[in-house]
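Each value in this text was obtained by applying a stated rule to the coordinates, not by laboratory testing. It should be emphasised that the depicted structure is a prediction, and the values quoted were computed from it without experimental measurement. With ideal geometry, Cβ positions are generated from the backbone for all residues, glycine too; neighbour counts draw on all protein chains shown.
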Amino acid sequence: MSRRTILAACQMGPLQRAEGRPAAVARMVALLEKAARMGASVAVFPELALTTFFPRWFHEDLREADHWYETALPSNETAPLWEAARRLGIGFHLGFAERTPEGRRFNTAIYVHPSGETVLKYRKVHLPGHSEYDPIRKVQHLEKRYFEPGDLGFPVVRAPLGGPGGETEANIGLLICNDRRWPEAWRVLGLQQVELVMLGYNTPSLNMENRGFEAHHLRVEHSVLSVRAGCYQNSCYAVAVAKAGTEDGHELFGHSVIVNPQGEVMAQATTWEDEVVVAEADFTRCELGRTTIFDFARHRRPEHYARIVEQVGSVAPPRWSPAER
Ligand code: ING
């Protein structure tokens, strides 16, 4: 029996620093309505979808950054999104900056069922960038200043996804942006038989580190490569969705993708603006890889993988020298 559903990547164009949540939410509702017209049951929005990518801005006093965070969802400003999802019968993924009642700060993503209930929550584990102002950089990337590493692990849950034509179930997991570059993250999800990974990203279209050469065309290529590899090696679908375009002079790339369990790109956005692309998933197609080439129980040898969890950084290897003559 197939378990089919149509997935939508709801890519967003830029959000300027001066633009508030109402502008973002209005655009997201329009994207959700378009996704519904295209037959989708699941809509994936970007990382930090409600505001500009604020980690590019330095705030000496963290309290000055408080306005970038959500303290409760849905809020008055974001309620229209929950209402539209309920009206349309669509589940959605949303990335946002979370500030807890205790004052802890996370880069967070949730999957929301059309009923309005949060099915799954994840807090970004791999935070790129830095915590102090870096004068060498062309543009700051202060995620280590504004967020703590996630404390929820990489959870997977089997859940009904929503959809007007009845509720297809799938094993869903979430990643956020830089996480997609780390195979360990995908594998922890794969070891829980994930079938659909949803992730958003905000990725500069040019290398802002100002350290070393990286050809521009590789920015999109590395992103797609990471998602394709993650899907193929863990036999799952993924919807990876950009916030894109130029925010206050700083360009983020788009080219959101939907990838299948054999690592094929099923659909790709071709702009760096608000754009919806869809593809039909059949989650039973995850079983082939999981029961053959990536049948983890038959083929993995964890007794040789100790370095992956025991080491943090890499270490130099011993030096070989020819045998004494
Ligand atoms: N952004 C970027 C990302 O991982 C980055 C940061 C870009 C890291 C390119 C390495 C190379 O896509 C976020 N928000 O993680």
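Reducing the range 7-39 and the range 124-170 to their Cα centroids gives an inter-centroid distance of 19 Å. Legend: ranking of residues 124, 34 from fewest to most surrounding C-beta atoms inside 10 Å; resulting order 34, 124. Only helices enter the 222 nm calculation for the chain: every DSSP H run of n ≥ 4 contributes -39,500 (n - 2.57), and dividing by all residues gives -6000 deg cm²/dmol, rounded to 500. Within the same chain, lysines fewer than 8 places from residue 138 are excluded, and of the rest, those with a Cα less than 26 Å from its Cα are 124, 243. The modelled label-to-label distance for the pair residue 304/residue 273, using points 7 Å beyond Cα in the direction of Cβ, is 5.2 nm.
With neighbours defined as other Cβ atoms within 10 Å of a residue's Cβ, the residues 102, 275, 33 order from fewest to most as 102, 33, 275. Exposure proxy shown here: for 41, 115, the number of other Cβ atoms within 10 Å sets the order, fewest to most, as 115, 41.
Here the gap between residue 136 and residue 207, fully extended at 0.36 nm per residue and compared with their Cα-Cα distance, gives a gain of 24.3 nm. At q = 0.12, 0.17, 0.18, 0.26 Å⁻¹, what is the log10 ratio I(q)/I(0) for the range 87-169, with the Debye formula run over Cα points and no solvent? Here log10 of I(q) over I(0) equals -0.48, -0.77, -0.82, -1.20. Counting only Cα atoms, the size of the chain along its three principal axes is 80, 56, 40 Å, in decreasing order. Mean-square fluctuations from a GNM of the chain, with a 10 angstrom spring cutoff on Cα atoms, peak among 119, 224, 194 at 119.
Can you work out the FRET efficiency for the pair residue 19 and residue 319, with r the C-beta to C-beta distance and R0 = 56 Å, to the nearest 0.05?
On the way: r = 56 Å, r/R0 = 1.00.
So the FRET efficiency works out to roughly 0.50.
Under 17 Å from a point 7 Å along the Cα-to-Cβ line of residue 121: which residues of the range 150-179 have their amide N that close? It comes to 150-157, 173-176, nothing else.
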